[in-house]
Amino acid sequence: MSEKKTPFVLGITGASGVIYGLRMLQYLLSIEQPVELVMSKAALRVMKEEHDLVLAENDTQGLLRYLELPENAPIKHHYLMDYGASVSSGSYKTLGMAILPCSIGTLGALANGLTENLVHRAAAVCLKERRKLVVVVREMPFGHIQLKNMVALSEAGAIVSCASPGFYHRPESVSDQIDFVVGRVLDQFDFDNALFKRWKQDAAPIVTPQRAKTHE
């Protein structure tokens with residue numbers, strides 16, 4: 001019997017660029033990494049606007065079909081307001097959490113210690129338990145308040161990043177740029193991945209798995 005894997009927490013909130021979160025979810029489930037997923041209502045709205053993806057809250061099977069993943073993929077999809085969920089407690093062990101993308105509203109809530117939904121609470125748990133929390137902001141430009149909030153989160157122990165794809169790997173498509181960002185987030189949690197060609201790497205990246213749909 002194989003050893004049970006510790007789950008990873010993924011938050012997807014209502015910033016433009018939900019494709020980053022969808023792609024990360026697709027990759028993690030494709031390697032059979034259990035995922036505890038929490039999505040905001042605004043994230044669902046952005047999915048509709050950016051990808052014509054219409055999902056009801058907690059529609060796990062619809063999400064898996066969109067990502068072309070099997071129905072038995074190791075995912076636990078939590079309701080946004082379920083404060084009794086496993087990830088709301090520090091005694092529930094996880095590998096940490098990524099919020100990808102992280103909206104400006106979510107950034108502000110986390111920086112000020114607010115826990116108004118399960119995304120906030122799960123992130124607060126990671127901070128208090130000293131687990132890795134990676135917050136990937138997708139916005140431009142940043143105002144003074146947002147920059148202060150990023151500093152506050154960094155000082156609290158989070159890793160604050162921006163969804164900024166590189167170009168040294170010579171991307172040929174939007175999907176290549178998405179995979180660059182997702183691959184760099186995965187690196188923060190030591191997930192071995194070949195989603196992009198690394199600096200000074202001679203070999204081409206391995207194509208795994210089939211990518212989430214994008215408008216190219």
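The values are calculated or read from the model by the stated rules, or taken from the named source; none is laboratory data. Note that the structure is predicted; figures quoted are calculated from it, not measured. Methodologically, a virtual Cβ is constructed for each residue, glycine included, from the backbone with ideal geometry; neighbour enumeration extends over all protein chains shown.
List of remarks:
- All of (1) without any contact (Cβ under 8 Å) to a residue 40 or more places away in the chain; (2) within 21 Å of LEU63 (Cβ to Cβ); (3) crowded, with 16+ Cβ neighbours inside 10 Å hold for HIS120 with one exception: (2).
- Some residue of the range 56-70 being under 12 Å from the mean Cα position of the chain (by Cα) and crowded, with 21+ Cβ neighbours inside 10 Å: no
- Qualifying residue in the range 176-194 (condition: closer than 21 Å to LEU127 by Cβ, over 15 Å from the mean Cα position of the chain (by Cα) and either of a type in the set (S, T, N, Q) or part of a helix (DSSP H, G or I) (or both)): no
- Pairs, first free of Cβ contacts under 8 Å to residues at least 40 places away in the same chain in the range 84-104, second surrounded by fewer than 16 Cβ atoms within 10 Å (Cβ to Cβ) and assigned to a helix (DSSP H, G or I), C-beta under 9 Å, six or more apart: GLY90/LYS128
- Of the residues making up the range 151-175, just one is acidic (Asp, Glu) and under 19 Å from VAL135 (Cβ atoms), namely GLU155.
- Selected residue [modelled with pLDDT of 95 or more, in contact with a His (Cβ under 8 Å, 6 or more places away or on another chain) and not small (Gly, Ala, Ser)] from LEU127, LEU107, LEU80, LEU114: LEU114
- One residue stands out among those in the range 141-172 that are over 18 Å from the mean Cα position of the chain (by Cα) and under 15 Å from TYR20 (Cβ atoms): the one that is surrounded by the fewest Cβ atoms within 10 Å (Cβ to Cβ), which is GLY166.
- Verdict on ILE19 being under 14 Å from the mean Cα position of the chain (by Cα), modelled with pLDDT of 95 or more and under 15 Å from VAL182 (Cα atoms): yes
- Members of the range 116-141 found to be more than 23 Å from MET24 (Cβ to Cβ) and in a loop (DSSP other than H, G, I, E, B), listed by number: GLU116, PRO141
- Some residue of the range 192-213 being within 15 Å of PRO101 (Cβ to Cβ) and modelled with pLDDT under 95: yes
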